[in-house]
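In what follows, a single structure is set out as structure tokens and then discussed.
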Amino acid sequence: MSVSQLIEEAYTGLKSLVIGLGVTGKALTQPGVTVLYPMEEVERDNLVTYRGHVELIGKDEDPAVPRCVACGACVKACPSNCITILCPVAAKEGEEAGPVKMGPAPQKGSKTPGEFIVDFSLCSLCGQCAKTCPVDSLQFSDNPYMVSFDRKDFRIDLLARLRRMARDEAVAGE
Amino acid sequence: MNLEQLLSLDYPLTRLVIGLLCIFAFVGLNGLVLVWVERKVAGHCQLRPGPLHVGPHGLLQPLVDAVKLIGKQLVAPFGSDKALFWLAPLLAFAPVTVCMLPLPWGPDMAMIPMNTGLVLILAFSGLGVLSLILAGWGSNNKWGLLGAARSVAQSVAYEVPLLLSVMAVAITAGSLDLFQISAQQGGWPWQWYGVKNPLAFFIFLVCAVAETNRAPFDLPEAESELTAGFHTEYSGMGFGLFFLAEYANMIIVSGVAAALFLGGWQGPFLPGVWWFLVKIYCILFFIIWLRWTYPRVRFDQLLNLSWKWLTPLALLDLALAVIVAGFGG
Amino acid sequence: MIPECVAKLGAACSAPLDHAATGCVASVTLTPETIHDAVAVMDKEGYLLEDVMASDLEEGFEVAYHLSLLDGANRVVLRLTVPHDAPRVPTVSDIYPGADWHERECFDFYGIDFAGHPNLYNLLLPEDFEGHPLIKDAKARKSLADLVPLTYLVDCGLAEPEPEPKAKPKPVAKAAPKDE
Amino acid sequence: MQAFDPTALRGDLASARFEPGPTDDKLILSMGPQHPSTHGVLRIMLELDGEYILRAEPVLGYIHRMHEWMAEQKTYMQFMPNMGRVDYLHAMAWNWAYAGAVERLMGVEVPKRAEYIRVAVTELNRISSHLLWWGAYLLDLGAFTPIMYAFDDREIILDILQAVTGSRLTYSYFTIGGVYGDVPADFASRCLAFTRHLRSRLPMYRDLVTDNVILRGRCEDIGVMDVELARRYGATGPCIRGSGAPVDTRRAEPYGVYNRFDFRIPAYTEGDAMARYMVRMDELVTSCDIIDQAVQGLPEGPIQAKVGKTVKPPKGEACYAVEGARGKIIIHVRSDGGPKPYRVKLRAPGFSNLSVFCDLARGTLLADAVSILGSLDLVIPEIDR
């Protein structure tokens, strides 16, 4: 290798290093791009597209009552068994009318869910439940901020949630 | 001798004790500030804010980190050589204190003025590598061992061009006293040796980065190769001391560079010590900036750079300096 | 369309497949005795060994080697069946070093012994794992005839051609290979 | 305190294959599973002479989840979410490979609009995967800043894909015969804006990293792999394209609507880490070109073919090959006509790419091994499945 080649090599090498410094130096003067989370939040447009845990959709005439017909299709479709739907078990003939027993959906004669619980700690947000629902009663919520110290908090009672949301909406509408 | 005499600054022992106290305070404080600067520069280079929440602009973050480090349990790994293992971080700090002594902070500010200050610094800065070897060897860890081996080879390789580049300046100035060398330069950039002899300055800077084990020459602690190199096994304040020693070493090499190449304390308007600090921090900023820009070099490339490029260049520079000094003087 | 080199493999039977329907162009049935030489031939032809897939059938473990040329849609399946009680297949890792891990994986999941393999021990499973997870219960096993379309079996002489295939007529049933 | 007895340390089968001695120079080193540059939980047993590697052997299985067993326990559609977890960086390609295999088995024709959307999201995902690889590779080489720039750009893709799929990383967007939901109205304009943005960022990438003399020193002539070696090990994707063979499943056996697009397949002949690096950097542009064409030609129409509520393919077997960010993904599905697959085999490109490492690492320095490992672009969950 001749001396001129060596010098050229050293020159291009040093030049690339200086250019590199220029890139980070320029970044040094530019404003940051970080969203400082607790003080700032990502803009709403971005958040609404987020797929949070599933939630029930209320009937058009009564938003506090879900469209759900307790058929159990979503329970079967779920890959991780995170949905539990309980319905009152129809009393057998001849049995005394005791306290209402709850059993997994579908139950004969019950067209509304008695309890609808999603265990979000198991959910993989695949959306199979919403896809299979015959009455379009399930959709994704858009709440990315789910934090808790207790695993139990991720067992979400969707019926209670629907009622709460309907109430909030009614209050907001007034 | 009476108490008055003992408390006078002219008495060497008193001066030494006060000086050491000042050094520890200065190194401790500046170490913290430097950690903050480092993280801030890193943050802004990467388009993020860096530490922000503890204190104004996160200024107290390093302090909190230090408290955390002090609060941590000191763990020595199973099978380690306990004596060497704990000696190493302390030893890492020893050269720092000595090297700080002859730095010229101002025209009449030094812990101990001496006419061979440069020799003292160069001699003791070589001691730092000993602590790395002990740390790597003592911790009974293969990564540590590899890091220690790397640090020795690196230190040996870069000591040579560093010495040669410093010698070029010493010959030009005709002195080994940092005060005299600083005093011979002026307050304006064109009077500095760094401008008069840019090659020596460049070589010194590269070697300084390598000697302080900073990226892109941070091979002894290359975390993506050797997890953390020689300080893999250190926790708590053992790690904290290495960390602090690294920043203290950076301050020293920057101080030497400022004194040798940037006119030391000299500058218009401001008192000397401020100019010296400003120059030190400019060099520190540059070293930090390098770290957040470049990838790490490979070990053989590192040695090649020293032996095949920097050493011949430094020799050439030295010869030139001798000729210029011979004719000009 | 069966590639020409298949003729050199010493195959018990070979059948063309429809790439659009199966992703492969030919299926070649071999025996444990012939597989090593056959793979060596494919290597000379410049084929790339994509994977080694084992599955648990009624007839035994089926081991399928999927090979394709670097370019073009020309995947060839070499398959062989070994009995459940003596699952021994010669290794091809001396021809394709990349087969090493694929064979170890088959050993992990099915316990198939690849004779001559340099380091046949657990790859993906923990070393103290008992058994082989993908082996099915005897009841759950299906015969090869239940898993591949009839036309393929007919081509290989494993079944009689029937005018009416047993499988439910689907609107988009698996058509016979078109590009023979 | 107990005295230290090195003979009391017991390794596993992998480390038992590495014996210390006969000289003191030999160092047996277990790199990983917790090591900064093994990207998760890969472990590599190394036999070192000083810092030179005499022998290297990857030890897998630290994140093995037995996806193939899971497939046999679930219905066809229930297995789809697993695809997002196999290779979390290029989940769309795995989605496509599985959906494609089952569609092939059933003979379903996917509507054109769905095909175009599939192409667009898969290519977006490929860019995000390559960007993350770029950052992580530079991190392996000791540069900290590039990954932040890469994430800055990647964030835009994640926002676009979140608007389409609802998730940001582990997508489960494909269905048998289509896609889960339609794209939002501003999808095309956002994609076009992104490709424009990325093209304008590439010169900065080149200035900061590609041209950097230190990076070139770390990548050039490191881990040289020729086509023959790549073929014998089954290395695909950017690995074999870096060795001079312009092989790409998108071109070789075009799936979906890839044969309608005009794109260049980058290939470099050097076969070293730098060539693999350059291939990936060029693929960013290739993917941008494909995205542009796909979103501009996005036809109207349905996004889902009729397959019925329960997916029940006829008996038979099919495989589907897809060009993932790391190479050729193949999924074999074997059906006995029931609601659950009889056998699903996942062919992970990283699995074969990593197996070349033993060969490439021999005789190199430890730091080179890290560079080679990074240049293979490993995603350990995909390798371990």
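At a glance:
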| item | result |
| --- | --- |
| Length-normalised contact order of the range B:179-329 in % [C-alpha pairs under 8 Å, at least 6 apart] | 32 |
| Placed amide H near residue B:227: partners under 5 Å, 5+ positions off or other chain | none |
| 222 nm mean residue ellipticity, helices alone, for chain D (DSSP H n ≥ 4; -39,500 (n - 2.57); rounded to 500) | -14000 deg cm²/dmol |
| Other protein chain Cβ atoms within 10 Å, averaged over every residue that makes up A:62-73 | 0 |
| Gaussian network model of chain A, Cα within-10 Å springs - most flexible of A:39, A:102, A:146 | A:39 |
| Charge dipole of the range A:44-173 about the Cα centre (unit charges at C-beta), most positive-ward option of A:107, A:137, A:81 | A:81 |
| The protein assembly as shown - share of DSSP beta bridges that are antiparallel (%, nearest 5) | 90 |
| Kyte-Doolittle mean at least -0.5 and Cα axial length at least 24 Å: DSSP H helices in chain B | B:12-45, B:82-100, B:142-173, B:236-261, B:272-291, B:311-328 |
| Protein-protein interface of the range D:150-184, residues with accessible area decrease of at least 20 Å², isolated chain reference, 1.4 Å probe | D:152, D:159, D:162, D:163, D:165, D:166, D:172, D:180 |
| Whole-number accessible area per residue in Å² for the range B:77-328, which is evaluated in the context of all protein chains at 1.4 Å | 36 |
| Size of charge dipole - chain D - debye, nearest 20, with Cβ of Lys, Arg +1 and Asp, Glu -1, no other charges | 1580 |
| Descending principal axes extents, chain D, alpha-carbon based, whole Å | 71, 51, 45 |
| Cα-based Rg of the range A:44-173 normalised by 2.2 N^0.38 Å, two decimals | 1.13 |
| Segments A:6-13, D:64-71 sorted - mean Cβ within 10 Å per residue, highest first | D:64-71, A:6-13 |
| Alpha-carbon centroids, the range C:36-70 and the range B:193-245: separation in whole Å | 53 |
| Those residues of the range C:62-111 for which accessible area with every protein chain present is at least 50 Å² below the isolated value (1.4 Å probe) | C:70, C:75, C:97, C:101, C:105 |
| Alpha-carbon centroids, the range B:46-117 and the range D:307-385: separation in whole Å | 48 |
| ³J(HN,Hα), Karplus 6.51/-1.76/1.60, whole Hz, each residue of the range A:10-24, x for Gly, Pro | 4, 5, 5, x, 5, 4, 4, 5, 5, 4, x, 4, x, 5, 5 |
| Charge-dipole axis of chain D as Lys and Arg at +1 and Asp and Glu at -1 on Cβ define it, positive-most pick from D:341, D:53, D:321 | D:341 |
| Cut-off under 5 Å, modelled amide H: who pairs with residue D:343 long-range | D:334 |
| Separation between Cα centres of the range D:69-148 and the range D:171-199, rounded to whole Å | 14 |
| Degrees separating the helix A:158-173 axis from the principal Cα axis of chain A, which is the longest one | 80 |
| DSSP H segments from chain D that extend 18 Å or more along their own axis, Cα-based, with Kyte-Doolittle mean of -0.5 or above | D:91-106, D:112-140, D:145-165, D:187-205, D:273-296 |
| Estimated buried accessible area (total), pair D and A, 1.4 Å, Å² to nearest 100 | 2100 |
| Proximal lysine pairs, chain D, alpha carbons under 26 Å, eight or more residues apart or interchain | 23 |
| Cα-centre dipole for the protein assembly as shown with unit charges at Cβ (Lys and Arg positive, Asp and Glu negative), debye to 20 | 1740 |
| Using θ = phi - 60° and Karplus 6.51 cos²θ - 1.76 cosθ + 1.60, couplings along the range D:64-71 (whole Hz; Gly, Pro as x) | 6, 10, 6, 4, 5, 6, 4, 4 |
| The range B:77-328 - charge dipole about Cα centre, Lys and Arg +1 at Cβ, Asp and Glu -1, debye rounded to 20 | 240 |
| Shielding of D:135-143 by partner chains, average beta-carbon count, 10 Å | 5 |
| Per-residue average of Cβ from other chains inside 10 Å of D:317-324 | 5 |
| Derived scalar couplings ³J(HN,Hα) [the range B:183-197; Karplus, 6.51 cos²θ - 1.76 cosθ + 1.60; whole Hz; x for Gly, Pro] | 5, 6, 8, x, x, 9, x, 6, 8, 7, 5, x, 8, 5, 10 |
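The values are calculated or read from the model by the stated rules, or taken from the named source; none is laboratory data. Only a predicted model underlies this, so the values are computations on that prediction, with no experimental measurement involved. Using ideal geometry, Cβ is built from the backbone for each residue, glycine included, and neighbour counts are taken over all protein chains shown. For the accessible areas, the whole protein counts, side chains as well, though only heavy atoms, and no ligand, DNA or RNA atoms are used. Shrake-Rupley method; radii C 1.70, N 1.55, O 1.52, S 1.80 Å.
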